[in-house]
Amino acid sequence: MKRLAIIGLDGATFELIHPWVEQGRLPNFARLLEHGASSGLRSVPNMNTAPAWTTFMTGKNPGKHGIFWFAEEGNAAGKVRFVTAADRDGASLWRLLSDGDRRVCVMNVPLTYPVEAVNGVMVAGFDAPSTSSRNFTFPENLLADVERRCGPYHLHVPVIAHAEAGRRSRVAEDILKAEETRVSAAIDLLQSEPWDVFMYMIKATDMAAHYLWDYDSPEQHDLLPVYEYADAALGRFAEAAGEDCGMLVMSDHGFGWRQPAAEYLNDILAQLGYMGKAQSHSEGATWRAFRIAKRLGPRAKGAVKRLLPGAYSRFGYRVRFGGIDWSQTRAYCDNTRSCVWINLRGRNPKGLVEPGEYQGLIDELREVLLALTDPSTGERVVEAAWLPEEIYSGPHTSSAPDIQIDWNYDRPVKGLKYEGRLGSAESKESAKGTMNALTGAHRPTGILLMSGPQFGPPGSLEDAKLQDIAPTVLHIAGLPVPDDMDGRVLAEGLAEPYGSTPVERGAAKKGEVMSGPAYSDEEAAEIEDRLKALGYL
Ligand SMILES: [Zn+2]
C-alpha cells in the first residue's frame, strides 16, 4: 500500500487556522489546504476527548464502543474509576490494519493505554499513568532506545499553576517543551521503524487552548506560537515521511471559550426540588481543600498520595457528588459535564426514582432545561437536551447520561434562571468559580485535511465525521471495512483508483489490548490531577 501518515491535532479549529493561514503564519497548513481535500470534522455529541478518539479509531459511535468519558460515575464505590482502552468494545484501526498485515507506528493517541500487540510499534497517550507503566509501549522496552537517541520523553507537563498565576507565556512554553520531547521521539520512530500507517497526536493545541483562550480577543494571539509549532511539526513529519506518503491531518473536536453553565445547574435542580444538598458537606469546602492540596509542592503532594492514596482519589468523587444528599435526589449533574442524570432505582446504588416515573421526570427536566435563561441577559441558554437514543445507537447506549445538554454558544452565562410551570429558581453562584484558570473548551467541529497520492482535489468533502476516518483509512489500505462501523468511506475526497473502487465490507471484529493491572490508587490520583487540570472532571 502507499504509506499514510496521520497527524492528530487535539482540539484544533479552522477558526484559528484559516485567519493565520491568510496572514502567512502557517505555511504547512496553507500547503495542505491548497493541495488537498479539507473540511470540518464533526465530533461525538459530548465533544469529549475520550469518546472522540475512540470513535476515531473504531469508526463507531459511543453507543457501540461504550466509552463516553475518561471516568465512570462510580457512585457505588464512592470514587472515580478511570476508563482505559481495555473498556473499548470493538477493534481499533491499529488492530484491523495489523490483522491485514499492514505495519503501524502509533504514538500518543488518547485511550490507547494499555497498548495493543500490533504489527509494528505503539506508544500510549497522556491518559497512561507514566512512561514506566507496564504496557505503556509495545514492544515493552521501545522507549529506552528512543530516549537514548532523543533524550527524556515527557508524557505530560502540569501548567495549571502558571495559568492560575497569569504566567501565560510560561503555559505555552512548558507545553511546547514537553510536546517537543514527544515529537522528536515520534520523528525518530517514523524514520527508524518500517510502517504503512504512521500516527502521532499533538496534544499542545488542546491543552494550551484550555488555558489560553481569551474571551476578549478574537485573534487569540497567545495561541499563535502553539499553532506555529504545530504547523512546523506538520512540515517536519511530512519531510521525514517523504513525498510519496499521504498526509491526513485531523482533530477530535473544535475549540472556543468555555461555557460555565453546568456549574450553576445543580443549584437550579436543588431549588426546584429535584436534588437534595447534603448538610454536612459543602462543595465549596472540597474545592478549597483540593486547591490547598494542589499548592503543596510535588514532593509533598506525592507523599500525601502515597500515604493516603484512597483518600486522595476520592477527592474527585466528593467534588462532583459530595454535595448531594442521595435520599432527597431524583436528578443531578456533576458541576462540570453538560449532563443530567436520573437517580434511578435498580440502576443507581441509592436510586430513588421508580422506573415507571422515569419518562415523566425526563419530560419535566427537558422542559426546565429548554426554558433556562441567563439572568443577566434574559436569553435562552440551552439549544437542545438530548436523550441517549437520540444521539447514540448500539448496545452501550443506555450507559450514556440520561440527558445530554447542548448549550447556546452566544456568550458565557453569568448564572441560570428558570421560571415556569414547574416553579422558579435562580443561581448566580458557580459551584466552582475556583477553576477559572480554564478559559477554553471543546466545540463540535474539528478539522480534516487530506493531501498526497491517495487523496483528491481540494475542497471536495461532504459532511465528514470522526467515525469516517477509520473506514477511509482501511479502504485506502486495501482492507475490508467491518460491518459494524458507523462511518463511511470519504470517497469524494479520494484520488483514483480509491475513489471509484467499491468499498469491501468485512465481518465485525473484537478488540484486544495487553492485559495489565488496573490503575493503582496512586496512579488514579495522578491521572485525576491531569484530567481535572483540563476541566475533564
Ligand atoms: Zn481538551
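Taking Cα pairs under 8 Å and at least six residues apart, what relative contact order does the range 110-216 come out at, in percent? Don't jump to the answer; show the numbers that get you there.
Details: 109 pairs, mean separation 23.0, N = 107.
It comes to 22 percent, rounded to a whole number.
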Q | Sum of side-chain charges, R102 neighbourhood, beta-carbon under 12 Å (Lys, Arg +1; Asp, Glu -1) | A | +1
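Does the range 435-509 classify as rounded, prolate or oblate by the C-alpha gyration tensor (a ≥ b ≥ c root eigenvalues; a/c under 1.5 gives rounded; else a/b over b/c gives prolate, otherwise oblate)? Please list the in-between numbers first.
Details: a/c = 3.12, a/b = 1.61, b/c = 1.94.
Verdict is oblate for the range 435-509.
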**Q.** With Cα atoms, 0 to 90° folded angle of helix 358-371 axis to the chain main axis
**A.** 80
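Starting with the highest mean, order 209-219, 448-458 by the number of other Cβ atoms within 10 Å, averaged over the residues of each peptide. If you can, show how the numbers build up before the last one.
Values: 209-219: 16.5, 448-458: 22.1.
In descending order of packing, they fall as 448-458, 209-219.
Give the average over all directions of the projected area of the C-alpha convex hull of the range 1-116, one decimal, in nm². Mind dumping the intermediate values first?
Values: hull surface 37.9 nm².
Reported value for the Cα convex hull: 9.5 nm².
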Q) By how many degrees, 0 to 90 and rounded to 10, does the Cα axis of helix 521-533 deviate from the longest principal axis of the chain? A) 90
Q: Give me the percent of DSSP beta bridges within the chain that run antiparallel, rounded to the nearest 5.
A: 60
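Sorted by average packing, counted as other Cβ atoms within 10 angstrom per residue and highest first, what order do 177-186, 366-375, 345-354, 109-118 take? The partial results should precede the final answer.
Details: 177-186: 20.8, 366-375: 19.0, 345-354: 14.8, 109-118: 24.0.
Per-residue mean Cβ counts within 10 Å order the peptides as 109-118, 177-186, 366-375, 345-354.
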Q. For the range 107-142 and the range 165-200, what is the separation of their C-alpha centers, rounded to whole Å?
A. 15
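For the range 45-197, compute the orientation-averaged projected area of the C-alpha convex hull (one quarter of its surface), in nm².
Numbers: hull surface 43.4 nm².
So the Cα hull casts an average projection of 10.8 nm².
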Q | Environment charge of H475, counting only residues whose C-beta is closer than 12 Å and scoring Lys/Arg +1, Asp/Glu -1 | A | 0
Q. Past the 32 Å Cα-Cα mark, which pairs from K203/K428; K60/K203; K64/K417?
A. K203/K428; K64/K417
Q | For the range 378-537, with +1 on Lys and Arg beta carbons and -1 on Asp and Glu, the positive-most of I391, V513, V481 along the dipole | A | I391
Q) Treating the beta-carbon of each Lys and Arg as +1 and of each Asp and Glu as -1, no other charges, what is the dipole magnitude of the range 171-268 about its Cα centre, to the nearest 20 debye? A) 160
(Q) Can you classify the range 384-446 as rounded, prolate or oblate using the Cα gyration tensor, where a ≥ b ≥ c are the square roots of its eigenvalues, rounded means a/c under 1.5, and otherwise it's prolate if a/b beats b/c and oblate if not? (A) oblate
Q: Per DSSP H run of n ≥ 4, the term is -39500 (n - 2.57); total these for the chain, divide by its residue number, and report the mean residue ellipticity at 222 nm rounded to 500 deg cm²/dmol.
A: -10500 deg cm²/dmol
Q) What does the charge add up to near W20, with Lys and Arg as +1, Asp and Glu as -1, over the other residues with Cβ less than 12 Å from its Cβ? A) -4
Q: Using only Cα atoms, find the angle between the long axis of helix 224-241 and the longest principal axis of the chain, and express it within 0 to 90 degrees, rounded to the nearest 10.
A: 30
Q) Ordered by residue, what ³J(HN,Hα) values in Hz, to whole numbers, does the range 56-69 give under the Karplus form 6.51 cos²θ - 1.76 cosθ + 1.60, where θ = phi - 60° and Gly and Pro are x? A) 3, 8, 10, x, 10, 6, x, x, 9, 7, x, 10, 10, 8
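With both bridge residues required to lie in the range 61-143, what share of the DSSP beta bridges run antiparallel, to the nearest 5%? Walk me through the intermediate numbers first.
Details: 4 of 9 bridges.
In the range 61-143, approximately 45 percent of DSSP beta bridges are antiparallel ones.
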Q) What base-10 log of the normalised intensity I(q)/I(0) is obtained for the chain from the Debye formula, alpha carbons as equal point scatterers, at q = 0.07, 0.09, 0.13 Å⁻¹? A) -0.38, -0.64, -1.38
Q | Relative contact order computed over the chain (Cα-Cα under 8 Å; 6+ residues apart), in percent | A | 27
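Values quoted throughout were computed directly from the atomic coordinates according to the rules given, and no laboratory measurement underlies them. Computed from a predicted model, the values in this text were never measured in an experiment. Quick reminder, even Gly has a Cβ in these numbers, built from the backbone with ideal geometry, and neighbours come from all protein chains shown.
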